[in-house]
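See structure below.
The values are calculated or read from the model by the stated rules, or taken from the named source; none is laboratory data. The structure presented is a predicted model; accordingly, all values stated were derived computationally and were not measured. We place every Cβ from the backbone using ideal geometry, glycine too, and count neighbours over all the protein chains shown.
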Amino acid sequence: MDENESLFSLSIDPATKAHLFETAKWARFLAVIGFVFVFFVVALGVYSSLTISRYEDMFNGYPGRRGLIDSIGVGVAVMYVLLALVAFFPLLFLLRFANQMSSALSSNNQALLNTSFQNLKVYFRYLGIVTIIFLVLTILSLLMGILGRAV
């Protein structure tokens, strides 16, 4: 099959082009809103970490408890930052898809169109991998709970 030949003679007609333009607009909107939420998650993590450290006076009578409070504060901040990082990358790929799709359709640039679909593929692959990891961790935690209950 020749490289320039389209698969099954598919092409982008005006209706498909309009659908892809609208899809790119919604993808850009969702990506930008997602980045705003990622920023708030990081800010919430920093705020929570600082707030937790204020509870040190509850443990003044207990030696060694100050380190526990500091550890909890750092743990909370790290957890929020990790959640933000996990959410950041699919949003980046979604934004790249949206920007390149709009540019490709405006300029009839096949290379940009291919790159935009490649970013969409990576977006869904990333979400799929994160979903599999989440499901495995959920199943493992359920099994651990059942086994812990049985013992």
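Observations
- Residue in the range 26-40 that is touching a helix residue (DSSP H, G or I) at 6+ places or on another chain (Cβ under 7 Å), at pLDDT below 95 and among the basic types (Lys, Arg) present: no
- Of the residues screened, residue 76 is one that is within 23 Å of residue 41 (Cα to Cα), touching a Ser or Thr at 6+ places or on another chain (Cβ under 7 Å) and not in a loop (DSSP other than H, G, I, E, B).
- Selection status of residue 130, touching a residue at least 24 places away in the same chain (Cβ under 8 Å) and surrounded by fewer than 16 Cβ atoms within 10 Å (Cβ to Cβ): yes
- When the range 75-105 is limited to residues that are touching a Leu at 6+ places or on another chain (Cβ under 8 Å) and aromatic (Phe, Trp, Tyr), the one that is modelled with the lowest pLDDT turns out to be 80.
- Scanning the range 76-91 for residues that are under 8 Å from the mean Cα position of the chain (by Cα) and either within 13 Å of residue 127 (Cα to Cα) or free of Cβ contacts under 8 Å to residues at least 24 places away in the same chain (or both) turns up 85, 86, 87, 88, 89, 90, 91.
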